[in-house]
Amino acid sequence: MNNSVKPDASAAVSPGSNSQSPVAGHFSHLAFWQAMGPFLVFAATVLTVSLVNPAFLGGTGIAIVTGAAASILLVALGQAMVLHIGSIDLSNAAIALLGAILMAMALPTFGIAGLIAVLVAVTFFGAVNGAIVAYCQVPSFALTLGMLGIFEAAALVTSGSETIYVTKNRELVTVLYHYRLAGVPLTFWMGVVVALLYWALLRFTSVGQGLTAIGKNEAGAIFAAVRTGWLKVLAFAISGFTAGLAGITIVAQAGSASASGLGSDLLLPGIAAALVGGTAISGGLTNPVSVIFGALTVAFVPIAVQAIGISAQAQSLVYGIFIIVVVVLTTTRSRDEIIK
Amino acid sequence: MDKRKLLHGDWQGATSWVVILALVIIVFSFINPRFASIENLRNVLVQASVPLMLVVGATLVILMGSIDLSVQGIMGAAGMVWILMSPNARGGIDYGAWAWVVATGIGLILGLLSGVIHTLFRVPSFVVTLGTWNVGVGLATILYGDSLLPSLTSEALSQWPTRLTLGLPNSFWLASIVVLAGILLIGFTQLGRGILAIGNNEPLAVVNGVPVIPIKIAAFGIAGLLSGFAGILATMQLGSGAPGVGAGQLFTVIPAAVIAGTALSGGEGGMVRSALGVFLLILLNNGLVLAGVDPNYQSGVFGAILVIAIVAVDWPQRDRLRVAK
């Protein structure tokens, strides 16, 4: 994970290291997967469910799945922005849960102002992650693993290991889950809007191009005077902010928040959704709009698993295999690269 | 490389570590005199056994510059397999020694799987092991099912870890054997040399004909096997099977290896230091609990230690043109 840009042995020996791996080189279908894969996987999952359980799609099934997909989608969008610069944020699901707890505590007294204050706070937490990665130059997975521990402890301590019920002003957020537009809860539409905004950010702005440059070739970006440090802080801050929005969807759905309740298991589904959505773990390739289908697919997994007759307990097994298979299929590989 | 050599060589830093550990013991015994009692120190040794076994495998992998996040999942899967094949409340046949073989075998297979996918498909190890972590948890959850809690019915087995042999708990003896094997593996075998070579400079190892891929797969396999073994010990200590038997271990093992100076970029560190790192964290945790600190703070304290340790280790290497992902 730690590459130095000064000319070292890896440059000198590159011609000899070609035979290093039997399955090296690009998969030719990568471009096709990037464009169509997420949608096709989603379609296949829906088809499976509708064949085995035709009643599901007719009733309130859609509302239930999209409701569950909303928090996964938001966590995945934040993760995708960090994956885009070639890093990873293992702490963003914990930030979402801490955010949900803080919101549940702030809502009764401060209302909307409380929500905004918490969103500012979680954005700051994300920015701290980014600042340490950018300016202390530590590997992001190790740093955010440590931060995950800190945020988990913070969630337990602030909630006193109890469920925080929103006693007043509850309808301010629960309306987001209960009001449906075209049969889909507003929480999910919020995710869709965020996805479109992030897509536009990456596609049309110089900030977005800077992020892409870091993901594709960070050394090159540094030499091209891209402000890599600042942009890294931004990417992690976006991850923190989006995790805060995921926190809103958690409170909206449950009307309460706790360290072990709804939303306490979002890390892996979030990463899986980003990867199924065609985001490359090596960075530089992210389409937030595809992540929408990734999140829907991941939200469908528990239902699909049950529909084909496997117990719901197999969920994490399925997520685990899902992540491995998708990463194997989508990682970009170059011949001389050292993979740690 | 040399800029970071805070502790040169695996043994040379050990004396200063013993001083640090002694200081921790003195400070905490002033806060709560019970801390330095023989019973509590034996208790610390029992608590340290599982992370000591895990840290051997984790150090092998980190020395190569890779990472193994799957420990807790493999512990859960191996622990459940072991208890269901041993005398437990659900009945079933007692397979005796075969339970150990099959359970550690599951760990070995999951570890080898991580290694094979990581090397042959060239996927970063932290993603692969994030996957195998959940595969392990999933296997354990399926085995756990909805039926009766599989508690250990054999008194002899459930008391074995805390029973004393020559004044020290059995589980600590077991862990010591594993650590000793790890020291010998790193210091005196081709596999150990190969692991250090890969961590120090992988491209150079490749051109020098070091069999990089088999060595990496072997290291992940050994780490998986030891996680399985630790899962059995943890299940015995708990007295019943649980998919979450390894909960929190990742936050002990990785910070322990890193504060002991095992660089996450590879090539530097050693078993002795990692083992001392485990002792420091376990003493710290035990001391905080005895000092009346809410156990909810534990993952936060260990997380903060990890953050400070990686920043401190990488600080001298900062460079305007350095790329850290």
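What follows is calculated from the coordinates using simple rules that are stated; it is not laboratory data. What you see is a predicted model; the values in this text were computed from it and never measured. As a convention, Cβ positions derive from the backbone with ideal geometry for all residues, glycine included, and neighbour counts pool all protein chains shown.
Would you mind pulling out the separation of the Cα centroids of region B:161-224 and region A:264-330, in Å? Taking the Cα centre of each part, region B:161-224 and region A:264-330 sit 34 Å apart.
Provide the FRET efficiency to the nearest 0.05 for the A:Gln306-B:Ser154 pair, computing r from the beta carbons and using R0 = 25 Å.
On the way: r = 36 Å, r/R0 = 1.46.
Once rounded, the FRET efficiency stands at 0.10.
From helices alone, the protein assembly as shown scores -23000 deg cm²/dmol at 222 nm; the rule is -39500 (n - 2.57) for each run of n ≥ 4 DSSP H residues, then divide by the residue total.
Counting lysine pairs in the protein assembly as shown that sit 8 or more residues apart in sequence, or on different chains, and whose Cα atoms lie under 23 Å apart gives 18. Quarter the surface of the alpha carbon convex hull of region A:69-264 and you get the mean projected area, 10.7 square nanometres.
For the protein assembly as shown, a/c is less than 1.5, where a ≥ b ≥ c are the root eigenvalues of the C-alpha gyration tensor. That puts it in the rounded class. Charge dipole of the protein assembly as shown (Cα centre as origin; +1 on each Lys and Arg Cβ, -1 on each Asp and Glu Cβ, all else neutral): 900 debye, rounded to the nearest 20. Rounded, prolate or oblate: which fits region B:91-249, taking a ≥ b ≥ c as square roots of the Cα gyration tensor eigenvalues, rounded meaning a/c under 1.5, else prolate when a/b beats b/c? Here region B:91-249 falls in the oblate category.
Taking neighbour Cβ counts within 10 Å as the exposure measure, how do B:Lys325, A:Lys168, A:Lys216 sort from fewest upward? Walk me through the numbers before you get to the answer.
Numbers: B:Lys325 23, A:Lys168 10, A:Lys216 18.
Taking fewest neighbouring Cβ atoms as first place, the list is A:Lys168, A:Lys216, B:Lys325.
What you get for region A:189-340, charging only the Cβ of Lys and Arg (+1) and of Asp and Glu (-1), is a dipole of about 300 debye around the Cα centre. A crude spin-label estimate for the pair B:Ser147 and A:Asn53, with each label 7 Å from Cα along the Cβ direction, gives 2.6 nm.
Simple rule: put +1 on each Lys or Arg Cβ and -1 on each Asp or Glu Cβ in the protein assembly as shown, find the dipole, and look at B:Gln317, A:Ala246, A:Thr109; the Cα lying farthest toward the positive end is B:Gln317. With the highest mean first, a sort of the peptides B:186-196, A:84-94 on other beta-carbon atoms found within 10 angstrom per residue produces A:84-94, B:186-196. Taken about its Cα centre, chain B carries a charge dipole of roughly 600 debye when the Cβ of each Lys and Arg holds +1 and the Cβ of each Asp and Glu holds -1.
Put in order of Cβ neighbour count within 10 Å, fewest first, the listed residues B:Leu276, A:Leu83, B:Leu174, B:Leu226 become B:Leu174, B:Leu276, A:Leu83, B:Leu226.
Which distance in Å, rounded to a whole number, links the C-alpha centroids of region A:168-246 and region B:243-290? Computed from Cα coordinates, the inter-centre distance equals 35 Å.
At a Förster distance of 25 Å, what's the computed FRET efficiency of B:Ala312 paired with B:Ile109, Cβ-Cβ distance as r, to 0.05? Before the final figure, lay out each step's value.
Numbers: r = 37 Å, r/R0 = 1.48.
Efficiency for this residue pair is about 0.10.
Note on B:63-75: average number of Cβ atoms from other chains within 10 Å of each residue's Cβ is 2. Ranking B:Ile20, B:Val123, B:Gly91 by how far each Cα lies toward the positive end of the dipole of region B:1-158 (charges on Cβ) leaves B:Ile20 at the top.
Would you mind ranking B:Leu45, A:Leu211 by Cβ crowding within 10 Å, fewest neighbours first? Each step should come with its number before you reach the end.
Details: B:Leu45 20, A:Leu211 29.
Ranked by crowding around the Cβ, least crowded first: B:Leu45, A:Leu211.
Inter-label distance, A:Ala121 to B:Ser176: 4.8 nm, where each label sits 7 Å from its Cα along the C-beta direction.
If you take the beta carbon distance between B:Val293 and A:Leu329 as r and set R0 to 41 Å, what does 1/(1 + (r/R0)^6) give as a FRET efficiency, to the nearest 0.05?
On the way: r = 46 Å, r/R0 = 1.13.
E between B:Val293 and A:Leu329, to the nearest 0.05, is 0.35.
Which whole number gives the average, over all residues in B:201-208, of C-beta atoms from other chains lying within 10 Å of the residue C-beta? Write out the running numbers ahead of the final one.
On the way: counts 5, 8, 12, 5, 1, 8, 7, 1.
For this peptide, the per-residue mean of nearby foreign Cβ atoms is 6.
For peptide B:312-322, the mean count of partner chain Cβ atoms within 10 Å of a residue's Cβ comes to 4.
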